[in-house]
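A short worksheet on the structure shown next.
The values are calculated or read from the model by the stated rules, or taken from the named source; none is laboratory data. Just so it is clear, the structure is predicted and the values come from calculations on it, not from any experiment. Glycine also receives a Cβ, built like all others from the backbone with ideal geometry; neighbour counts cover every protein chain displayed.
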Amino acid sequence: MAFASVPRITFTLTRAEAMAVLRLRRNWSGRAKLAMGLWFISGGALFGLLPSRLTGEPDSLWFIAVFLGILAGQFALLVAAMTVWQHRRAARLVPHPRPAEFEEWIDCIAGTEIGSTDCVYLSPELIGQVVETPTHLIILGVTGTIVVPVHAFASAADAQATAAALRDLTRRPWPFDA
C-alpha cells in the first residue's frame, strides 16, 4: 500500500468530524419514517380542526395560504429538531477535542475511531466506502469509521490522492483468503 500522503498523520478530533459523519447518514429507520408521516398528518388534522373563519372558503387563496403556513411551520420545526439532535449526537461521539491519528501500515490502515478513543485497523477487504467532502476524508469500514480533516494532510491534493489510493486498493482482487 503506497499512499501519496505522509505515513502517519496526527490531528485533533473535534465535533466537526462527528458532524461530518452524521451528515452522511441519510437512511431513515422504519420508525423514523412512520414518525415523520404522523408528524405531517397531525398538521393536516390541526388544519381540519381550525374554525372556518380562520381558514376561509375552501376555494380561496387564504385557505391555501393557511394550509401552506402550517406545513411550512411543521417543516421548520422538524429541521430545527433534527439539527439539535445531530449536534447532541455529535457531542456524545466527541465530548471534547482529543488527539487522533491516521497511518498506513504494511497490510492495513489504522486510525482513531470517531466513536471511541480506540484505534481501528482496516485491511482493504474491511474498507466499505471512502467518501471525500471538501473538508473531510471519511473511511467507512466494517469495524469502524475513520474521519480525517483535509487540513491534517500536507495539501488538499494529498487528501484526494490518499482517497483515490484507498478506493483503488479496495477494488483490487487479493490473491489470499481472508
Test for Ala45: is it within 30 Å of Gly111 (Cβ to Cβ) and either at pLDDT 75 or above or among the small types (Gly, Ala, Ser) (or both):
no
Have a look at Thr83, Thr12 and point out the one that is of a type in the set (Ser, Thr, Tyr), assigned by TED's automatic domain parsing to the domain that holds Val130 and at pLDDT 90 or above.
Thr12
Could you figure out which of (1) among the small types (Gly, Ala, Ser); (2) in contact with a strand residue (DSSP E or B) (Cβ under 9 Å, 6 or more places away or on another chain); (3) surrounded by fewer than 16 Cβ atoms within 10 Å (Cβ to Cβ) isn't true of Ala20?
(3)
How do the pairs read when you match residues in region 113-139 that are closer than 23 Å to Pro95 by Cα with residues anywhere that are exposed (fewer than 14 other Cβ atoms within 10 Å of the Cβ) and of a type in the set (D, E, K, R), using Cβ under 8 Å and keeping only pairs 6 or more apart or on different chains?
Thr117/Arg98
Within region 30-71, can you find the residues that are of a type in the set (Ser, Thr, Tyr), surrounded by 10 or more Cβ atoms within 10 Å (Cβ to Cβ), out of contact with any Phe, Trp or Tyr (no Cβ under 8 Å at 6 or more places or on another chain) and part of a helix (DSSP H, G or I)?
Ser42
